[in-house]
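The values are calculated or read from the model by the stated rules, or taken from the named source; none is laboratory data. Fair warning: this is a prediction, and the values are worked out from it, not measured in the lab. Here Cβ is always computed from backbone atoms with ideal geometry, including for glycine, and neighbour counts include all displayed protein chains. These area figures cover heavy atoms from the full protein model, side chains too; ligands, DNA and RNA do not enter into them. Shrake-Rupley method; radii C 1.70, N 1.55, O 1.52, S 1.80 Å.
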Amino acid sequence: MAKTKNEVIRVIPLGGVSEIGKAMYVVEIDEELFVVDSGLMFPEDEMLGIDYVIPDMTYLEENKSRVKGIFLTHGHEDAIGSIAYLLQKVSAPVYGSKLTIALAKEHLKDLPAPYPVKFFEVTSKSRMNFQSTYATFFHTTHSIPDSLGIAFHTSEGAIVHTGEFKFDQSAQGKYKPDIAKMANLGEEGVFILMSDSTEAERPGYTIPEIVIREKLAKTFHKAEGRILVALYASNFIRIQQVFDQATAADRKIAVVGRSLEHAFEIGMRLGYLSVDQDRIISVNKMNDYPDDEIVAIITGNQGEPLEGLEKIIRKHHRDIRIKSTDTVLITFTPSPGMEVQIADTMNSLAKLGAKVLSADKKVHVSGHGAQEDLKLMLNLMKPKYFIPIQGEYRMLIAHSKLAQQTGLSKSQIFIADKGDIVEYKGGKMRMSGRVTAGNVLIDGIGVGDVGNIVLRDRKLLSQDGIFIVVVTINRQLKKIASGPEILSRGFVYVRESEELLSESSNLVKEVVEKYVNKGSYEWTNIKQEIRDTLNSYLFQKTKRRPMIIPIIMEY
């Protein structure tokens with residue numbers, strides 16, 4: 001327990017609830033503030049042109065003097081992907097396992113922190129002391145080794161964040177969970193449990209990894225041509241399984257994708273991945289070997305697997321083309337919003353003649369616990385209060401119902417949205433307001449400069465195109481010097497719409513001449529009337545509403 005009685009305890013999700021990914025949780029104990037995870041999320045379909053999404057960190061920036069530590073549970077992008085952006089705003093030491101710290105440091109190469117960052121490698125034996133609390137750690141089983149749960153010890157009991165986890169009785173080495181330590185925490189007293197809800201709607205236990213290993217072995221044995229494996233760059237357990245089966249089948253391995261190359265280099269250097277280096281070949285050497293001697297592991301530059309696969313399908317990859325003899329393994333579960341995209345990808349592969357195996361063919365299992373795994377965690381921890389995290393809202397609800405099945409009452413369960421404050425003060429736990437929270441969109445080097453208005457414009461452009469009108473006015477002679485010239489993109493096919501464009505030009509001319517003849521006019525008024533007139537006419541003729549941009553020049 002903490003040495004002195006803690007007066008105020010708060011838990012504030014800034015990301016990771018009512019969504020998949022973008023994990024970021026604030027644990028406040030008296031005046032000290034601790035951040036658990038700093039992740040990103042890949043964009044949804046309507047986020048046109050966006051590279052990825054990170055949490056709004058305004059609250060942390062406003063309270064940066066109180067931030068005493070940043071704790072990372074594991075090395076996936078949904079837990080560490082925004083760490084470089086957080087360290088631009090907050091000066092605090094970073095705690096994580098050896099692999100997690102190494103992967104987090106990679107993010108700082110592209111966006112270095114403005115000051116030296118202290119990184120502390122922790123294990124299940126570590127204890128980190130602070131004024132109001134001390135933190136301990138326990139190993140969990142996930143699809144990446146060295147995954148940790150975190151416990152902040154207070155006078156009321158431990159605040160436990162499970163990280164992302166499942167229970168796999170066949171897990172070995174750095175994937176093996178500290179079940180005894182979890183049980184000890186429960187016996188000592190867990191005050192608040194924050195637990196992964198990603199698979200809370202799936203009955204039973206998550207399928208053990210040994211089943212996937214056996215399926216991969218059969219697939220590698222039967223495949224007559226190349227084997228292409230699409231996966232997340234940080235799915236170390238699947239990468240190792242592919243390495244093992246490629247070795248058993250005496251196949252060479254090509255690693256495709258910048259993020260995968262980085263993960264591979266770190267994994268090999270630190271001993272988390274094991275494969276004979278002579279078996280690894282560069283992508284441009286694949287055609288030097290017979291197809292039945294090749295395996296390619298594929299992901300995108302940001303670590304998102306569909307990006308790399310789609311690039312090959314569209315023939316945009318310099319060295320790889322899909323062949324009818326290929327066997328393609330899609331070894332990941334699509335995140336929400338990605339289902340249509342993955343179905344299109346599988347259809348495209350089928351049209352090219354490739355054999356496609358996906359998660360429903362048992363070439364992938366989730367790294368997250370299903371309902372029985374989640375109930376086991378609840379029973380081990382025996383928390384006084386429970387906050388489901390890491391999942392869409394319906395998953396949080398499903399997890400709360402599982403908690404009730406293990407004996408917790410509704411009054412002990414708090415389902416928090418982004419920015420909600422769950423506060424314990426004066427012996428009572430309650431929801432006590434909100435802080436700033438939401439999405440920050442990353443587009444190229446721009447951080448947060450693309451908002452709803454820009455996305456709305458991009459959506460309009462994607463739906464009905466753009467209609468540009470250019471007019472030059474001679475102010476002295478009070479007449480149109482040139483134009484109106486009309487440029488259209490994504491609206492109508494110009495060569496077949498000459499009458500429409502001609503009439504549009506005439507309407508613009510009438511509007512401009514009306515104002516010019518007055519002698520005194522404002523460009524803003526002319527532009528607005530051009531927009532209104534063209535919008536009405538074009539919708540009447542086409543039932544479309546392109547983005548209309550009038551450009552007026554004068555001399």
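Taking first residues from the range 172-186 that are within 14 Å of residue 379 (Cβ to Cβ) and partners that are aromatic (Phe, Trp, Tyr) and surrounded by 13 or more Cβ atoms within 10 Å (Cβ to Cβ), the Cβ contacts under 6 Å between residues at least 6 apart in sequence or on separate chains come to 182/138. If you go through the range 198-221 and keep only what is touching a residue at least 40 places away in the same chain (Cβ under 8 Å), open to solvent by 10 Å² or more (accessible area, probe 1.4 Å) and over 25 Å from residue 257 (Cβ atoms), you end up with 199, 201, 202, 203, 204, 205, 206, 207, 208, 210, 211. Per the listing 344, 373, 417, the residue uniquely surrounded by fewer than 15 Cβ atoms within 10 Å (Cβ to Cβ) and touching a strand residue (DSSP E or B) at 6+ places or on another chain (Cβ under 8 Å) is 417. Scanning the range 42-63 for residues that are at pLDDT below 90 and in contact with a Ser or Thr (Cβ under 8 Å, 6 or more places away or on another chain) yields 42, 48, 54. Does any residue of the range 199-219 turn out to be out of contact with any Phe, Trp or Tyr (no Cβ under 7 Å at 6 or more places or on another chain), within 26 Å of residue 102 (Cβ to Cβ) and among the basic types (Lys, Arg)? Looking for residues that are out of contact with any Phe, Trp or Tyr (no Cβ under 7 Å at 6 or more places or on another chain), within 26 Å of residue 102 (Cβ to Cβ) and among the basic types (Lys, Arg), one finds at least one in the range 199-219, hence yes. Across the range 73-95, the number of residues qualifying as part of a loop (DSSP other than H, G, I, E, B) and without any contact (Cβ under 8 Å) to a residue 40 or more places away in the chain comes to 2. The lone criterion from (1) modelled with pLDDT of 95 or more; (2) crowded, with 19+ Cβ neighbours inside 10 Å left unmet by residue 130 is number (2). For residue 343, are the conditions met, namely being hydrophobic (A, V, I, L, M, F, W, C), closer than 30 Å to residue 389 by Cα and at pLDDT 90 or above? So residue 343 fails the test. If only residues of the range 398-414 that are more than 19 Å from residue 16 (Cα to Cα) and in a loop (DSSP other than H, G, I, E, B) are counted, the one that is least open to solvent (accessible area, probe 1.4 Å) is 408.
Taking the stated definitions as given, is residue 232 in a loop (DSSP other than H, G, I, E, B), modelled with pLDDT of 90 or more, among the aromatic types (Phe, Trp, Tyr) and surrounded by 15 or more Cβ atoms within 10 Å (Cβ to Cβ)? No: the conditions fail for residue 232. Of all residues in the range 383-397, those that are assigned to a helix (DSSP H, G or I) have Cβ atoms under 8 Å from Cβ atoms of residues that are of a type in the set (A, V, I, L, M, F, W, C), 6 or more apart or on another chain, in 393/17; 393/415; 395/200; 396/17; 396/200; 396/389; 396/415; 397/415. Checking each residue in the range 110-162 for being of a type in the set (A, V, I, L, M, F, W, C), within 30 Å of residue 366 (Cα to Cα) and outside any strand (DSSP E or B) picks out 122, 144. For the range 87-104, the tally of residues that are within 17 Å of the chain's Cα centre (by Cα) and buried (at least 24 other Cβ atoms within 10 Å of the Cβ) stands at 2. For the range 242-264, state whether one or more residues are in a loop (DSSP other than H, G, I, E, B), more than 30 Å from residue 414 (Cβ to Cβ), touching a Leu at 6+ places or on another chain (Cβ under 8 Å) and of a type in the set (Gly, Ala, Ser). No: zero hits.
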